[in-house]
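Report on the structure given below.
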Amino acid sequence: MERTEAFAFRIAWAVGLLSFAAAFAACSGSSGEGDSGLGSGAQTDAGAGGGGSGWDGGRLGADSGTPIDAPYCTNGNPTAVYPTAPASVAMLGTLPNLSFNGLDASFAPKKVTLGDYFDPCAAKSRLLVVRVSAGWCGTCRWHAAHTGELTALDVGPRLQILDLLIANDENLTPSISDLTVWKSRIDAPQDIALDPTFQLAPLNPNDMPLPIYVLVDNRTMTVRNVLNNPDPDTLALRIHQEIAKLDHVDAPVDSPPQTFDGLFTRDQWDEMHAMTLPGAPPPDPTNAHADDPAAAALGKTLFFATGLSPYTISCVSCHDPTKGFADGSALPFGVGQGVRNSPSVLLASYAPWQFWDGRADSMWMQATGPIENSIEFDSTRLYVAHAIAQSYGASYTAIFGALPDMSNATRFPANGKPGDASYDGMAPADQAAVTTVFTNVGKVLEAYERTLRASPNALDTYTGGNLTALTADQKTGLKAFFVNGCAQCHWGPRMTDDAFHVTRVPTGRPDHAADRGRIDGIPLLLASGFIETGANSDSKTDTHGLASLVASPATLGAFKTPPLRGVVDTAPYGHGGTFATLLAVVQSYGTGGVAPSDPSSVGTLEPWLPQFDAANQQAIANFLAVLTAPHNQ
């Protein structure tokens with residue numbers, strides 16, 4: 001059974017058994033592989049294409065004033081405020097009168113309901129297009145930026161669009177402020193609202209990719225079609241077909257979408273070309289010396305130095321330039337054994353969050369973490385401050401000004417950090433002076449890491465115009481990468497959304513206990529003295545939304561999306577380092593991660609992650625093999 005047929009069958013099964021009014025829970029599904037796994041978005045296509053009876057559905061019926069196919073209109077008058085959604089609806093049946101919090105044209109909050117679009121006595125049915133999107137989703141962003149193509153279709157006022165946002169840029173519960181951001185990404189005026197509980201989840205039983213388009217007849221509020229991340233040509237065709245069928249006229253026949261290089265639809269081609277080589281990282285206002293060459297020079301020295309720890313440990317121990325600025329090990333080893341795989345720092349300065357669980361909101365904050373971690377550097381801020389004064393005092397002073405006089409060992413013990421008696425017994429002013437030196441060490445390390453740049457790889461050469469830069473197998477893999485939903489999260493220059501997702505990857509912990517991820521990272525972040533709003537920040541402006549950041553249940557088992565640029569150089573993979581090869585990673589995604597009953601992972605697999613077969617898994621792995629990241633040091 002091909003994907004289109006399987007999807008339609010699943011819709012019939014799911015909608016026939018579930019009450020939309022009573023329970024909106026995501027259904028698990030198997031993958032299927034319509035169009036040999038290389039289609040351009042799944043759709044139900046119940047009756048798509050083909051001809052009608054040839055008469056005008058807009059003419060009035062015998063009841064004088066009642067349009068044809070208007071069951072909730074008699075003599076030109078509505079017979080229902082909103083049609084009753086049956087407890088067990090038929091295939092693609094009536095939607096209940098769902099309610100959402102939205103924005104009006106002036107960006108003021110307003111309540112939006114599906115009943116706002118119900119027009120039972122319309123002379124001709126209009127098609128309500130409900131689009132379900134998420135802020136983190138790259139494919140959703142492409143569709144949002146091309147909304148004007150829908151409003152420009154030659155169906156005139158027959159089309160209405162309602163955009164529903166189910167998650168924000170970080171995959172957290174969206175707010176009205178997130179809705180304002182999303183609205184700014186849409187290139188045409190339309191209705192927009194929040195749907196944090198994903199009320200239309202039963203229309204996506206196969207866990208297909210976002211965005212989801214639900215086409216609804218406004219006379220009856222019945223679902224006519226459902227499409228997942230369709231290419232623009234297919235979407236326009238389905239809209240024309242549904243309008244024609246509502247009018248009982250001949251519908252346009254199916255036709256293949258336009259392709260580029262014989263394989264990629266326009267949206268895929270555009271998204272591919274957005275995976276361009278990143279330039280300079282974004283500014284970091286929390287670090288006044290982020291782009292200071294002198295700070296970068298000192299930072300480079302300290303990155304390779306072992307003098308910041310009482311042991312023979314340095315940053316390069318876990319972030320080796322010869323290993324893609326990772327360490328080549330499943331789990332890092334400093335003074336002791338770590339419990340998470342070492343991420344590369346090559347492109348980390350572009351990311352808004354650091355560490356797998358996002359417990360740092362700047363690169364300099366991240367850099368201070370391992371130094372005082374007992375299984376990494378096992379050092380302290382007092383030890384570091386003394387090391388800077390003894391070995392790097394001139395360079396430090398040239399950047400930050402005079403160091404504190406730490407010659408009095410009673411005032412400034414040789415070792416100590418918060419929680420140690422040696423540090424806690426110090427005068428507050430002396431503690432602050434030491435912490436400032438420690439913070440500045442993090443800031444020069446960030447300054448160095450911000451100078452790291454990646455060089456072009458084969459994908460860059462291909463998107464630059466050399467269509468022979470990828471082999472046929474690699475192009476097939478890139479197509480599968482788009483079709484199977486990978487581009488939802490892996491998009492843009494670094495091929496990451498910088499959000500946090502539950503993908504059911506197994507733990508790497510020696511005790512085999514599941515790693516809770518972001519749900520524990522958020523409290524650690526907010527409790528730190530090094531956040532951007534803290535005393536050690538040079539900005540103190542809350543650009544990350546820390547004031548409203550909450551570790552919700554949905555963050556259990558969520559981890560940051562790793563960038564794919566340079567992924568070839570950073571094996572093994574996963575936050576636990578449990579995958580030795582890229583194929584093993586893709587196989588995990590293709591099969592939905594470890595089972596819900598498996599104690600090596602926690603959290604609920606996200607309902608827009610399709611499963612896909614072995615052929616697609618191998619194809620995607622073939623493509624990922626081109627994603628090297630040659631770099632400077």
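The values are calculated or read from the model by the stated rules, or taken from the named source; none is laboratory data. None of these values were measured; they are calculated from a predicted model. Neighbour counts run over all protein chains shown; Cβ positions are idealised from the backbone, glycine included.
Key figures
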| item | result |
| --- | --- |
| Boolean, residue 411 is over 39 Å from the mean Cα position of the chain (by Cα) and among the basic types (Lys, Arg) | yes |
| Filter pass, residue 533 being under 23 Å from residue 170 (Cβ atoms), of a type outside the set (Gly, Ala, Ser) and more than 22 Å from the chain's Cα centre (by Cα) | yes |
| Filter pass, residue 484 being without any contact (Cβ under 8 Å) to a residue 12 or more places away in the chain, of a type in the set (S, T, N, Q) and more than 25 Å from residue 303 (Cβ to Cβ) | no |
| Subset of the stretch 597-617 that is assigned to a helix (DSSP H, G or I) and free of Cβ contacts under 8 Å to residues at least 40 places away in the same chain - its residue that is surrounded by the most Cβ atoms within 10 Å (Cβ to Cβ) | 617 |
| Number of positions in the stretch 124-166 that are of a type in the set (D, E, K, R), within 25 Å of residue 245 (Cβ to Cβ), within 25 Å of the chain's Cα centre (by Cα) and assigned to a helix (DSSP H, G or I) | 1 |
| Residue 494 charged (D, E, K, R), under 17 Å from residue 588 (Cβ atoms) and not assigned by TED's automatic domain parsing to the domain that holds residue 346 | no |
| Every residue from the stretch 510-527 that is within 19 Å of residue 577 (Cα to Cα), surrounded by fewer than 22 Cβ atoms within 10 Å (Cβ to Cβ) and charged (D, E, K, R) | 511, 516 |
| Yes/no for residue 401 being touching a residue at least 24 places away in the same chain (Cβ under 8 Å) and at positive phi | no |
| Selected residue [touching a residue at least 24 places away in the same chain (Cβ under 8 Å), outside the structural domain of residue 178 (by TED's automatic domain parsing), within 21 Å of residue 327 (Cβ to Cβ) and surrounded by fewer than 16 Cβ atoms within 10 Å (Cβ to Cβ)] from 581, 541, 561, 507 | 581 |
| Complete set of residues in the stretch 168-181 that are buried (at least 20 other Cβ atoms within 10 Å of the Cβ), within 14 Å of the chain's Cα centre (by Cα) and in contact (Cβ under 8 Å) with a residue 60 or more places away in the chain | 170, 171, 172 |
| Hey, residue 565 modelled with pLDDT of 95 or more and assigned to a loop (DSSP other than H, G, I, E, B) or not | yes |
| Neighbours by Cβ (under 6 Å, 6+ apart or cross-chain): first from the stretch 65-86, of a type outside the set (Ser, Thr, Tyr); second at pLDDT 90 or above and in a strand (DSSP E or B) | 83/94; 85/94 |
| Out of 87, 108, 80, 70, sole residue that is modelled with pLDDT under 95 and under 19 Å from residue 242 (Cα atoms) | 70 |
| Given (1) modelled with pLDDT of 95 or more; (2) in contact with a strand residue (DSSP E or B) (Cβ under 9 Å, 6 or more places away or on another chain); (3) under 24 Å from residue 104 (Cα atoms); (4) part of a loop (DSSP other than H, G, I, E, B), index of the condition residue 169 fails | (2) |
| Candidates 101, 97, filtered to the one that is in contact (Cβ under 8 Å) with a residue 12 or more places away in the chain, over 20 Å from residue 226 (Cα atoms) and touching a Leu at 6+ places or on another chain (Cβ under 9 Å) | 101 |
